[in-house]
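Notes follow the structure.
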Amino acid sequence: MTTTIATIEALLVERFGFSSFRPGQREVVEALLTHDCALAVFPTGAGKSLCYQLPAIALPGVTVVVSPLIALMKDQLDFLRSRGVPAERLDSSLTGDEVQSVTARLHSGELKLLFVAPERFNNERFLASMRECRISLFAVDEAHCISEWGHNFRPDYLKLAQLARDLKVERVLALTATATPAVVESICEGFGIPPEAAVVTGFYRPNLELLTTPVQASERDALLVERLRSRPRGSTIVYVTLQKTAERVAELLEKAGFAARAYHAGMDPDDRTRVQDWWMAADDRVVVATIAFGMGIDKADVRFVYHYNLPKSLESYSQEIGRAGRDGKPSVVELFACPDDAPLLESFAYGDTPTNRSLRGLVDELLSAGRDFDVSLYDLSSRHDLRQLVLRTALTYLELLGVLRQGTPYYAGYEARPIEPLEQIFGRFDVNRRSFLESVFACAKKGRTWYALDPTGVAARLKQDRNRVTRALEYLEQKGLIELRVSDVRNRYSRLRPSEDAAALASELGERFQRREEQEIARIQQVLQLVTLGRCQVNALVGHFGEKREAPCGHCSFCKSGAAANLPDRRPLPALPAGIDARALSEARAKNLSALGEARQLARFLCGLTSPTTSRARLSRNRLFGALEGRGFADVLEWCRCFVARRAAE
């Protein structure tokens with residue numbers, strides 16, 4: 001039966017209890033039905049999720065929703081189950097038994113929606129499972145992550161467009177709350193979405209009073225307390241940059257008499273859940289949080305969002321203030337603009353830029369690995385002092401340059417625990433299958449209860465295809481005959497050209513990372529420029545995303561004061577290297593040349609930024625680690641270049 005917009009409208013009323021679509025929702029659904037693809041660019045809280053929830057119920061097969069946000073998955077599942085919609089999630093928090101249960105429901109055809117993280121597609125078992133399903137809709141949330149030049153590029157996202165084609169999904173829906181016109185074009189190009197199927201609603205929020213307040217760092221605590229006391233109590237988020245700031249400010253507010261708690265990625269997951277539930281349960285509580293908080297949380301009555309620290313970009317700022325006033329009632333968002341925050345944000349951007357030596361070492365290793373090879377990203381990261389995200393980005397760049405093509409990742413290690421005696425398991429099968437299973441387990445290394453297997457080694461020893469070995473183990477697991485654990489993920493790659501210029505490739509990678517660094521630094525400056533703008537700040541903010549408004553908003557700091565603000569001067573800092581024991585630094589560097597040999601590595605160390613080699617050498621325990629935290633990374637880097645040059649000349 002053909003699914004029509006009338007069918008969708010009926011479900012809107014019957015299953016969700018809504019009398020009509022919100023702006024843009026109908027157009028997105030119609031594009032899905034007409035073009036088999038769509039892009040939805042809606043502000044935070046404007047109803048993106050309904051654009052896949054409704055079609056998921058109406059269409060045959062399963063809808064796969066790709067999202068990096070576990071909080072969103074849990075929140076959506078609760079909502080869908082309350083409406084009688086069979087939905088599940090697969091993420092890292094599930095036990096083996098839970099994963100097996102979800103997989104069984106998927107294969108039975110019972111599920112209508114399955115939520116997964118993008119990294120799940122690096123799992124060969126999951127991919128094999130997906131290929132057996134009819135995927136009627138492939139929905140990608142946070143789709144701006146596909147854009148190499150977006151504010152939150154994630155290499156795993158870039159692969160999703162090709163993955164959708166490989167899995168032969170019937171429809172694709174990309175969704176995001178933050179996309180400039182260039183990023184919209186990038187998303188559409190990646191997923192093959194025609195311009196007429198891209199639905200971009202306005203970013204303007206008339207109920208938000210947007211305030212930007214220049215402030216010295218020493219004044220922020222008192223100003224935050226004063227703001228909370230002078231305004232009516234309401235559900236509040238205070239955004240900070242660092243985990244330790246979240247803890248300190250939450251304690252400050254508690255002592256001042258407010259119901260406040262900290263939330264950040266360094267907390268135990270159960271503790272984070274408890275804080276989130278506590279905050280959600282009342283309308284007068286304050287959560288002091290890093291950006292780990294708020295994404296995917298459905299709380300409509302947030303009355304205040306404060307930025308204690310500068311956001312890292314206008315995209316991040318827009319997304320974070322978008323969590324206020326989703327119920328349409330007046331809400332206040334206020335940014336405490338302190339230029340002293342800029343060096344720390346800049347250091348994160350600078351810290352992600354790899355050294356030339358790291359890139360050349362990576363390229364040399366990959367080019368010497370043969371035509372087809374597999375690697376452990378953990379080992380590569382450690383060998384070349386590249387953080388995992390930076391390494392994956394470099395590998396993605398090599399794919400974009402036509403040097404490599406990634407294959408399906410696989411697990412090198414399998415462990416099986418029989419639920420019943422092996423002889424009893426073998427006895428369930430005919431002679432040929434029994435003989436094969438006996439041979440597989442004969443190749444295993446037996447522990448007390450677990451059998452360890454290397455499927456590649458087993459397959460070579462038995463002169464069988466590796467897939468036959470893994471399918472046999474997975475079949476036993478599906479039948480409840482064994483418990484299966486996997487480890488040591490390996491990434492497959494193929495060289496696409498017989499020869500490459502290693503030096504030129506490493507240089508090209510370095511230039512790409514340099515451009516990204518410059519772009520991230522420019523984004524921080526855009527935030528500061530918004531604060532000092534001599535015209536309507538709201539119009540400038542929505543204009544960044546391509547929306548044009550003529551009339552001033554009347555409710556931003558400039559419109560209310562009629563004057564442009566001036567930022568305070570940055571706090572004066574002693575000249576470098578005040579407080580640095582040069583002799584101790586030389587000794588630490590001499591003992592750890594692989595971690596501190598390059599000027600950029602040394603600068604990261606002094607600014608308190610970790611890397612695989614500093615972590616392995618436990619250099620974060622060194623008293624000089626973070627000695628120049630909060631200073632401009634560029635200044636520290638220049639000093640380190642001189643320091644390294646002097647030591648080389650001695």
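The values are calculated or read from the model by the stated rules, or taken from the named source; none is laboratory data. Bear in mind the structure is a predicted one, so any value in this text is a computation, not a measurement. Quick reminder, even Gly has a Cβ in these numbers, built from the backbone with ideal geometry, and neighbours come from all protein chains shown.
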Original post:
Of the residues that make up region 17-24, is at least one in contact with a strand residue (DSSP E or B) (Cβ under 6 Å, 6 or more places away or on another chain), assigned to a loop (DSSP other than H, G, I, E, B), in contact (Cβ under 8 Å) with a residue 12 or more places away in the chain and within 30 Å of Leu541 (Cα to Cα)?
Top reply: yes
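To keep it simple, each residue is scored yes or no on (1) within 30 Å of Leu528 (Cβ to Cβ); (2) touching a helix residue (DSSP H, G or I) at 6+ places or on another chain (Cβ under 6 Å); (3) at pLDDT 95 or above; (4) assigned to a helix (DSSP H, G or I).
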site: Pro343; (1), (2), (3), (4): yes, no, no, yes
site: Leu366; (1), (2), (3), (4): no, no, yes, yes
site: Arg392; (1), (2), (3), (4): no, yes, no, yes
site: Thr408; (1), (2), (3), (4): no, yes, no, no
Original post:
Restricting the first residue to region 585-597 and requiring it to be at pLDDT 90 or above, which pairs with a second residue that is in a helix (DSSP H, G or I) and surrounded by fewer than 16 Cβ atoms within 10 Å (Cβ to Cβ) meet a Cβ separation below 7 Å and a spacing of at least six or different chains?
Top reply: Ser586/Arg647
Original post:
From the residues in region 364-393 that are free of Cβ contacts under 8 Å to residues at least 24 places away in the same chain and among the charged types (D, E, K, R), which one is nearest to Ser494 (Cα to Cα)?
Top reply: Glu365
**OP:** Just one of (1) at pLDDT below 90; (2) surrounded by 13 or more Cβ atoms within 10 Å (Cβ to Cβ) trips up Gly510, so point out which.
**Re:** (1)
**OP:** Please list, ordered by first then second residue, the pairs with beta carbon atoms under 9 Å, 6 or more apart or interchain, first in region 514-533 and under 17 Å from Gly632 (Cα atoms), second of a type in the set (Asp, Glu) and crowded, with 18+ Cβ neighbours inside 10 Å.
**Re:** Glu517/Asp352; Glu520/Glu346; Glu520/Asp352; Ile521/Glu346; Arg523/Glu315; Ile524/Asp341; Ile524/Glu346
Subject >> Unmet requirement for Leu32, which otherwise passes all of (1) within 24 Å of the chain's Cα centre (by Cα); (2) assigned to a helix (DSSP H, G or I); (3) of a type in the set (A, V, I, L, M, F, W, C) >> reply: (1)
**OP:** Specify the residue that is modelled with the highest pLDDT; the eligible residues are those in region 44-58 that are more than 16 Å from Lys112 (Cα to Cα) and small (Gly, Ala, Ser).
**Re:** Gly47
Original post:
In this structure, is Pro568 farther than 18 Å from Ser347 by Cα, in contact (Cβ under 8 Å) with a residue 60 or more places away in the chain, surrounded by 12 or more Cβ atoms within 10 Å (Cβ to Cβ) and touching a Cys at 6+ places or on another chain (Cβ under 8 Å)?
Top reply: yes
Original post:
Which of the residues belonging to region 259-285 are more than 27 Å from Leu77 (Cβ to Cβ) and touching a helix residue (DSSP H, G or I) at 6+ places or on another chain (Cβ under 6 Å)?
Top reply: Ala260
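For region 394-404, give me each residue that is crowded, with 17+ Cβ neighbours inside 10 Å and either modelled with pLDDT of 90 or more or not polar (S, T, N, Q) (or both).
Ala394, Leu395, Tyr397, Leu398, Glu399, Val403, Leu404
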Subject >> Out of Val458, Val469, sole residue that is at pLDDT 90 or above, out of contact with any Pro (no Cβ under 8 Å at 6 or more places or on another chain) and β-branched (Val, Ile, Thr) >> reply: Val458
Subject >> Count - residues of region 602-643 that are in contact (Cβ under 8 Å) with a residue 24 or more places away in the chain and farther than 23 Å from Ser382 by Cβ >> reply: 15
Original post:
Being more than 30 Å from Asp268 (Cα to Cα) and without any contact (Cβ under 8 Å) to a residue 12 or more places away in the chain, is that true of even one residue in region 86-108?
Top reply: yes
Original post:
Out of the residues in region 132-183 that are among the aliphatic types (A, V, I, L, M) and assigned to a loop (DSSP other than H, G, I, E, B), which is surrounded by the most Cβ atoms within 10 Å (Cβ to Cβ)?
Top reply: Ala179
Original post:
Looking at region 469-506, which of its residues are without any contact (Cβ under 8 Å) to a residue 12 or more places away in the chain and within 22 Å of Leu400 (Cβ to Cβ)?
Top reply: Pro498, Ser499, Asp501, Ala504
**OP:** Taking the residues in region 223-264 that are surrounded by fewer than 21 Cβ atoms within 10 Å (Cβ to Cβ) and basic (Lys, Arg) as candidates, determine which candidate is farthest from Asp301 (Cα to Cα).
**Re:** Lys244
Original post:
Within the bounds of region 59-68, is there any residue that is surrounded by 20 or more Cβ atoms within 10 Å (Cβ to Cβ), hydrophobic (A, V, I, L, M, F, W, C) and more than 22 Å from Glu119 (Cα to Cα)?
Top reply: yes
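Any residue in region 73-89 that is in a loop (DSSP other than H, G, I, E, B), within 19 Å of the chain's Cα centre (by Cα) and not hydroxyl-bearing (Ser, Thr, Tyr)?
No, because not a single residue in region 73-89 is in a loop (DSSP other than H, G, I, E, B), within 19 Å of the chain's Cα centre (by Cα) and not hydroxyl-bearing (Ser, Thr, Tyr).
Okay, residues lined up against (1) crowded, with 16+ Cβ neighbours inside 10 Å; (2) acidic (Asp, Glu); (3) in contact with a strand residue (DSSP E or B) (Cβ under 7 Å, 6 or more places away or on another chain); (4) at pLDDT below 85:
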| position | (1), (2), (3), (4) |
| --- | --- |
| Leu72 | yes, no, no, yes |
| Ser82 | no, no, no, yes |
| Glu88 | yes, yes, yes, no |
| Ser93 | no, no, no, yes |
| Glu98 | no, yes, no, yes |
**OP:** Working only within region 93-131, note down all residues that are within 24 Å of Leu54 (Cα to Cα) and not in a helix (DSSP H, G or I).
**Re:** Ser108, Gly109, Glu110, Leu111, Lys112, Leu113, Leu114, Phe115, Val116, Ala117
**OP:** Could you tell me which of the residues Leu158, Leu163, Leu208 is in contact with a strand residue (DSSP E or B) (Cβ under 6 Å, 6 or more places away or on another chain) and in contact (Cβ under 8 Å) with a residue 24 or more places away in the chain?
**Re:** Leu208
Subject >> Among residues of region 232-264, those that are among the small types (Gly, Ala, Ser), touching a strand residue (DSSP E or B) at 6+ places or on another chain (Cβ under 6 Å) and not in a helix (DSSP H, G or I), counted >> reply: 4
Subject >> Where Met267 falls short, out of the listed (1) surrounded by fewer than 21 Cβ atoms within 10 Å (Cβ to Cβ); (2) of a type in the set (A, V, I, L, M); (3) not in a loop (DSSP other than H, G, I, E, B) >> reply: (3)
